[in-house]
Each structure stands twice: as C-alpha cells, then as structure tokens.
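The values are calculated or read from the model by the stated rules, or taken from the named source; none is laboratory data. Predicted model, so just to flag it, every value in this text is computed and none were measured. Cβ: placed from backbone, ideal geometry, glycine included. Neighbour counts: every protein chain shown. Ligands, DNA and RNA are stripped out before the accessible areas are found, and what is left, the full protein with its side chains, is counted by its heavy atoms. Shrake-Rupley method; radii C 1.70, N 1.55, O 1.52, S 1.80 Å.
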Amino acid sequence: MRIERVTLRHIQMPLRHPFRTSFGEERTKEAIIVAVQSAGLTGYGETPVSAAPLYSYETVGTAWHVQRDFLIPRLLGQEIEHPRQVAGLLAPVRGHPMARMGLEAAIWDLLAKAEGCSLSQMLGGTRTSIPCGVSIGIQPSLPALLERIGSFLAQGYRRIKLKIEPGWELAVVKAVRGEFGDIALMLDANAAFTLDDTPLFQALDAYGLMMVEQPLGHDDLYEHSLLQRQIATPICLDESIRHAGDARAAIEWGSCRVINIKAARMGGLLEAKRVHDLCQERGLPVWCGGLLETGIGRAHNVALASLPNFCLPGDISASDRYFVEDIVQPPFVLNPDGTMDVPCGPGIGVEVKADVLQQFTISQMVFQAD
Ligand code: OSB
Ligand code: MG
C-alpha cells in the first residue's frame with residue numbers, strides 16, 4: 001500500500017484522577033494521534049508522550065519535531081506490504097521510540113484493515129481475552145489509597161500495582177496487606193531508589209509481592225543485577241529495557257526476572273514482539289505496561305497482550321479508569337472476572353469517534369505524498 005497521507009494531532013484529555021508517581025503528577029493526558037491513509041483506509045496509532053521529559057526523554061515537542069522533519073518524510077509515498085518494512089525505512093534515525101511507535105502502529109492498523117484481519121491475529125495473538133491489573137498513583141493519604149484499592153478490587157481487577165517513592169513504601173505495603181490480605185500486589189518505583197536502599201527492599205521481601213518494578217536508575221542494568229542477588233522479590237524492569245538487546249543483557253546479567261513490555265518504549269510493536277519472543281524462549285514472564293493511553297494506544301496494547309507469553313495481568317485498564325469519555329467506540333470495558341476482550345474486528349477493532357477526537361485536538365498537521 002502506498003502511504004498517501006499522514007495526519008498528526010496533538011491532543012489533551014483531562015484525566016479523571018490525577019496520576020502521581022515518583023517523577024511527578026499528571027492531570028491531563030497528552031498524546032500525538034497519528035492517522036495514516038491509503039486506498040480509502042485509515043490506520044491509527046498513538047505516540048503516548050507527556051509534556052515534560054520525566055518518564056522518558058521524549059516530549060510532545062520532540063516527538064512532533066522528529067515525526068514531522070525526519071520520520072514522516074521517510075514514509076510518505078512508500079509502498080509498504082508489511083509493517084516490518086517501517087523499521088527499515090526509519091533505521092537511519094536514532095532513538096525517539098515513542099515518535100516511531102505512533103507511525104508504526106498506525107501502519108499495522110492500516111495493513112490489518114486492508115487484509116480484513118484483526119491486529120491481534122496479524123501479530124500472532126492467541127488469547128481472546130486478557131487479564132487486567134490497575135496501576136494506582138501515590139495518594140494524598142493512606143485511607144484514600146485503601147479506598148481506591150477497595151473500589152478497583154470490587155470492579156474485578158486481578159492485580160494492584162502501587163506507585164512508590166521514598167517515604168511511601170514499607171508502611172503503605174504493611175497497611176495494604178493488613179486491609180486486603182493476600183491480593184496480587186506489586187510496586188513500581190520509577191527509578192526513585194538507589195543501592196543504599198537495599199535494606200528497604202530486603203524488608204519488603206516479607207510481604208510476598210509479585211514483583212517490584214524499576215527500583216533503581218532509569219537506564220541501569222548493572223545495579224539492578226546487584227540488587228536482585230540480595231532480594232527474593234523478583235525485579236521487573238520497565239524504563240531500562242529499550243529493545244531486545246537490553247532484554248538479552250538483563251537476562252544474562254540477572255538484572256530482572258520479569259519484563260514490562262511497552263511497545264511505545266521500544267519503538268513499535270515489532271520490537272515489542274521480539275522482546276516477548278526472547279523472554280518466552282528464556283522462560284521469563286512478561287506483561288503489558290501502559291502510558292495512560294487513549295483507546296487508540298490501548299487497542300494496540302490489548303492486541304499485543306494477546307500474545308502467549310503475556311501471562312501476568314498488565315497495566316491495561318478500562319477506558320473509564322482514565323477518562324470520562326474515550327475517543328473510541330466501543331470503549332474498553334472490564335469483564336466482571338477482571339479480563340478484557342480482545343477486539344476481533346479488522347485492525348484495532350474499535351472505531352475512532354471523529355467528533356470527540358476533534359474536541360480534544362489542540363493542533364493538527366497534514367502531510368501529503370506528491
Ligand atoms: O511506570 O508504568 C509506568 C504511567 C505513566 C508513566 C509511567 C508508568 C505509568 C503507569 C500507568 O504505571 C499504566 C497505565 O495504566 O497506563
Ligand atoms: Mg513502570
């Protein structure tokens with residue numbers, strides 16, 4: 001298919017609840033929504049960047065610049081038969097995985113729609129529904145946190161992930177175990193600790209956590225390997241794993257026992273699948289992380305999470321956990337058993353609501369092939 005036209009939309013959507021992590025608080029979900037058109041079909045993708053470079057170095061501004069000036073010119077007018085060609089066309093550009101992801105994901109959707117198959121099928125997915133967890137930000141107080149956990153458990157979520165930072169960790173875990181007993185519980189530090197905090201992680205071993213995510217440096221593998229040797233709780237890496245090469249090093253060095261796969265962090269679904277396949281070969285479980293995506297990015301995440309080695313509940317929650325109104329129809333909903341159905345229609349399998357998308361768009365740019 002010839003890439004005829006690409007549209008970028010910078011959107012801002014109010015989040016239903018502020019999301020606070022060790023690196024900051026988000027009240028608004030920002031993203032670049034990418035639409036790629038060919039032969040009367042439109043494929044959609046999402047670049048889930050934030051306003052500030054706090055989770056990753058990319059921002060709305062850097063992603064827009066790199067897409068507009070370097071990535072889109074390499075794709076416009078090209079004949080693409082399989083999404084794997086995208087990585088080749090974009091190979092001369094270094095880094096900027098989230099900028100790449102929006103474009104690559106839109107082309108996956110476009111080509112799946114052209115073939116009349118679902119994105120899940122095209123990726124090699126085997127699950128028709130996926131187990132869901134929820135990631136809960138740092139709360140203003142302990143009672144507020146306990147209430148929030150209670151309401152998510154009542155909805156059916158199968159595992160709870162708590163964001164932690166220095167001062168919001170051991171006592172919180174103790175209180176949560178006291179209130180809710182043996183629930184599936186894990187922590188995410190977003191790189192807020194150092195090796196000096198090893199005794200804290202040793203103390204957390206007593207609480208039977210499923211895992212602790214990214215306790216140390218955002219770009220570190222070595223110190224995580226030292227920490228993992230000294231604690232029983234499995235370490236899960238998020239920020240540090242940028243591609244299959246990092247995953248291989250982390251496995252060889254014993255830096256983690258679980259990997260959080262986010263296609264946006266890895267530059268696309270193809271690289272995410274590579275990490276999935278490698279972990280499957282090496283016996284590491286993986287789960288699908290999230291970046292507070294709209295229904296478009298969520299659809300890509302759900303399709304990815306239908307691959308066989310996504311055996312743990314991920315950070316894929318229902319649309320209503322994030323937004324009053326999602327930009328896709330139907331919205332993503334949680335089944336009472338804590339699972340979510342994998343859409344089976346062509347491509348991402350959900351319709352983009354043009355009016356709602358327009359309502360949240362603050363700027364837009366169209367690129368046309370000659
Ligand atoms: O570290 O996994 C993370 C959200 C924004 C940035 C980083 C992270 C997160 C989440 C939320 O944990 C996951 C989600 O529900 O999308
Ligand atoms: Mg994380």
For L146, the lone unmet condition from (1) over 25 Å from N335 (Cα atoms); (2) in contact (Cβ under 8 Å) with a residue 12 or more places away in the chain; (3) more than 16 Å from ligand 2 (Cβ to nearest atom) is (1)
Subset of the stretch 306-327, residues open to solvent by 10 Å² or more (accessible area, probe 1.4 Å), of a type in the set (A, V, I, L, M) and closer than 20 Å to R274 by Cβ, comes to L312
Residues of the stretch 75-100 being open to solvent by 10 Å² or more (accessible area, probe 1.4 Å) and hydrophobic (A, V, I, L, M, F, W, C), in sequence order, are L76, A87, L89, A91, V93
Among residues of the stretch 209-239 being more than 16 Å from ligand 2 (Cβ to nearest atom) and part of a loop (DSSP other than H, G, I, E, B), the residue most open to solvent (accessible area, probe 1.4 Å) is A232
Does A206 meet the test of being more than 16 Å from ligand 2 (Cβ to nearest atom), at pLDDT 95 or above, hydrophobic (A, V, I, L, M, F, W, C) and over 25 Å from G133 (Cβ atoms)? no
Per the filter on the stretch 185-196, residues within 20 Å of F23 (Cα to Cα), without any contact (Cβ under 8 Å) to a residue 40 or more places away in the chain and not in a helix (DSSP H, G or I) are L187, F193, T194
If you go through E30, E58, the only one that is more than 20 Å from V352 (Cβ to Cβ), modelled with pLDDT of 95 or more and not assigned by TED's automatic domain parsing to the domain that holds A189 is E58
**Study point:** Check on L119, at pLDDT 95 or above and either open to solvent by 40 Å² or more (accessible area, probe 1.4 Å) or within 27 Å of S56 (Cβ to Cβ) (or both)
**Key:** yes
Of those in the stretch 276-299 that are in contact with a helix residue (DSSP H, G or I) (Cβ under 9 Å, 6 or more places away or on another chain) and closer than 10 Å to K262 by Cα, the residue farthest from ligand 1 (Cβ to nearest atom) is C288
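Out of the strands (runs of 3 or more DSSP E) lying entirely within the stretch 263-370, which hold 2 or more residues that are within 18 Å of the chain's Cα centre (by Cα)?
Of the strands (runs of 3 or more DSSP E) lying wholly inside the stretch 263-370, those with at least 2 residues that are within 18 Å of the chain's Cα centre (by Cα) span 286-288, 339-341.
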Of (1) outside any helix (DSSP H, G or I); (2) in contact with a helix residue (DSSP H, G or I) (Cβ under 7 Å, 6 or more places away or on another chain), N260 satisfies every one except (2)
Log entry, pairs with first residue in the stretch 82-99 being β-branched (V, I, T), second being surrounded by 17 or more Cβ atoms within 10 Å (Cβ to Cβ), beta carbons closer than 6 Å, six or more apart or on different chains, reads V86/E104; V86/I107
When you check I348 against the structure, is it closer than 22 Å to V6 by Cα and either assigned by TED's automatic domain parsing to the domain that holds Y157 or open to solvent by 10 Å² or more (accessible area, probe 1.4 Å) (or both), yes or no?
no
Filtering the stretch 161-184 for residues that are assigned to a strand (DSSP E or B) and either open to solvent by 50 Å² or more (accessible area, probe 1.4 Å) or over 13 Å from L146 (Cα atoms) (or both) leaves a count of 3
Taking the stretch 44-74 and keeping residues crowded, with 17+ Cβ neighbours inside 10 Å, in contact with a Phe, Trp or Tyr (Cβ under 7 Å, 6 or more places away or on another chain) and more than 18 Å from R94 (Cβ to Cβ) leaves Y55
Sole miss for R9 among (1) surrounded by 17 or more Cβ atoms within 10 Å (Cβ to Cβ); (2) more than 16 Å from ligand 1 (Cβ to nearest atom); (3) within 20 Å of I80 (Cβ to Cβ) is condition (3)
Subset of the stretch 42-68, residues without any contact (Cβ under 8 Å) to a residue 40 or more places away in the chain and assigned to a loop (DSSP other than H, G, I, E, B), comes to A51, A52, P53, L54, Y57
